[in-house]
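The values are calculated or read from the model by the stated rules, or taken from the named source; none is laboratory data. Every value quoted in this text rests on a predicted model; they were computed, and no experiment measured them. Note that we place each Cβ from the backbone using ideal geometry, even for glycine, and neighbour counts take in every protein chain shown. We work out accessible area using only protein heavy atoms, side chains counted, and drop any ligands, DNA or RNA first. Shrake-Rupley method; radii C 1.70, N 1.55, O 1.52, S 1.80 Å.
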Amino acid sequence: EQAKPMLVLADLESSRNNVCAALARLRQNAATKHLPVIAFGGENVAELQAAAQAAGVTLIVGEAAMLNHLPEVLDQALQIE
């Protein structure tokens, strides 16, 4: 909130933190709920992807897509609705 980011990139696969819970809190905070969130992870993390979607992320992509198509992913996430 203090850093006033334009975008959040979230790696869903963390052994130390519950990323999806943190993203849900981000969406619940009036000061940060407007931020586009791109979540990424391995191709076989359907459970994490479902949790991220429930948390309200803007876009979920695989790691390969994130690495190979970053400009397109950013364009899609930053589209104003």
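Per-structure values
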{"item": "Charge context of Glu13, other residues only, Cβ under 14 angstrom, K/R +1, D/E -1", "result": "-3"}
{"item": "Value of relative contact order over the chain, rounded to a whole percent, pairs C-alpha under 8 Å and six or more apart", "result": "31 percent"}
{"item": "Alpha-carbon spread of the range 5-59, three principal axes, descending order, Å", "result": "32, 18, 18"}
{"item": "Fraction of accessible area attributable to carbon and sulfur, the chain (%, probe 1.4 Å)", "result": "51 percent"}
{"item": "Heavy-atom surface of the chain, accessible at 1.4 Å and reported per residue (Å²)", "result": "69 Å²"}
